[in-house]
Each structure stands twice: as C-alpha cells, then as structure tokens.
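The values are calculated or read from the model by the stated rules, or taken from the named source; none is laboratory data. In this text, all values refer to a predicted model and were calculated from it rather than measured experimentally. As a convention, Cβ positions derive from the backbone with ideal geometry for all residues, glycine included, and neighbour counts pool all protein chains shown. Note: accessible area is taken over every heavy atom of the protein model, side chains too, but ligands, DNA and RNA are not part of it. Shrake-Rupley method; radii C 1.70, N 1.55, O 1.52, S 1.80 Å.
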Amino acid sequence: MKTLSASILAPIGIITSAVLLTACGSMDKSQHFNPMSVPESVRVPAGNKVAWETTTARGQITYECRDKANAPGQTEWVFVGPQADLMDRSGKKVGTYYGPPATWEALDGSKVTATQLAVAPSGDGNLPYQLVKANPAMGSGAMTGVTYIQRVALKGGVAPAAACMAGNKGQRQIVNYQADYIFWK
C-alpha cells in the first residue's frame, strides 16, 4: 500500500487552510451592515461611521382605528407606538426601542430620541427603511455621540389588514415586526 508523501500533503494542507480562511473571512463580512445596501434617500451622510449594530430587533407596533385627518366620516389605522428588544449579533439583549417619542435605550441607561429625515420602501408587507437624526444622548454610555440611526432588514410591521370602520374606532391592534437598527457616530 502506498502512502502520500509529505511533499504532496504539505501543499494540500496549505490550499485547504487558504480555502477555510477565505470562507471564514467571507462569513464574518456578511454579518456586518453594508451602508450601500439601502436606498440612497436613507443613507447616512459621509463622515459618519457605524458605531453599533443591533440585529433582529423583535417587537410590536400598536395601531389604533381613528378618524382620518381632514376626511370627515373616514377612518384609518394610525401608528400609536413601538415596543421592541434590541439584540446584538449573538442574540443577547442590549437595549430597547419604544415610544412615543421614538426612543432607543441601551441597557447601560443611555438613550436617544430622534427626528425622522427619510423613508424608502422595503418591500410589500414591511415597514419602510428609515433614517433618523439623533438628538443629543441622555445619560452616558453606548448612545453617547450617536448622530444617526437607520432601520433596515425589515419584516412585517405594517398597519393591520383588519377593517377600520366607524364601528371599531378606538380599537387597537398589535402587529409584530423585525428590524436591524444601525447606530452611527
């Protein structure tokens, strides 16, 4: 029986190592937010850098059936507010998102509110992409220095499909959603 010589095994080992390192490197890169992956209208201005990424924030948005503004006799589902847990890439809770006003709060107690600058469609049945300008942080910690926040990687969250009519005005519906929030400094 013949055995493979060291001169043949060494190059095979080098090639195998290179393939594995390349695969691992590309896995790592795929887990980080690509700023060019969102529509231009919700991109952060040049000069800001990603400071913190929360992934798969899972939460709920409450809607209420109300009179439609400036349309007597008509009703519509109106956004009341969100409630979501912010998770890091390992699935550990690192903060919450709630409102009104829209507030992102880290577990260290620091938090920011923000003003919406732009939205862009993200697909049927999904909330839109969103870009907000952060107000100065309250408290000291992870939110200190945050300038912008993007909402990306959206699933769900749109107004309920159930009818909103005069007979159910005041009724609230809760809708589940998922999103990644990207914090910039």
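Observations on the structure shown:
- Residue list for the range 132-185, restricted to those being open to solvent by less than 60 Å² (accessible area, probe 1.4 Å), among the small types (Gly, Ala, Ser) and in a loop (DSSP other than H, G, I, E, B): ALA137, GLY139, GLY141, ALA142, GLY145, ALA159, ALA162, ALA163, GLY170
- Residue in the range 48-55 that is surrounded by 10 or more Cβ atoms within 10 Å (Cβ to Cβ), touching a strand residue (DSSP E or B) at 6+ places or on another chain (Cβ under 8 Å) and modelled with pLDDT of 95 or more present: yes
- Scanning the range 99-113 finds no residues that are out of contact with any helix residue (DSSP H, G or I) (no Cβ under 6 Å at 6 or more places or on another chain), over 16 Å from TRP52 (Cα atoms) and in contact (Cβ under 8 Å) with a residue 40 or more places away in the chain.
- Cβ pairs under 8 Å, 6+ apart, first in the range 28-42 and part of a helix (DSSP H, G or I) and among the hydroxyl-bearing types (Ser, Thr, Tyr), second modelled with pLDDT of 85 or more and open to solvent by less than 90 Å² (accessible area, probe 1.4 Å): SER37/VAL152; SER41/ALA118; SER41/VAL119; SER41/ALA120; SER41/LEU131
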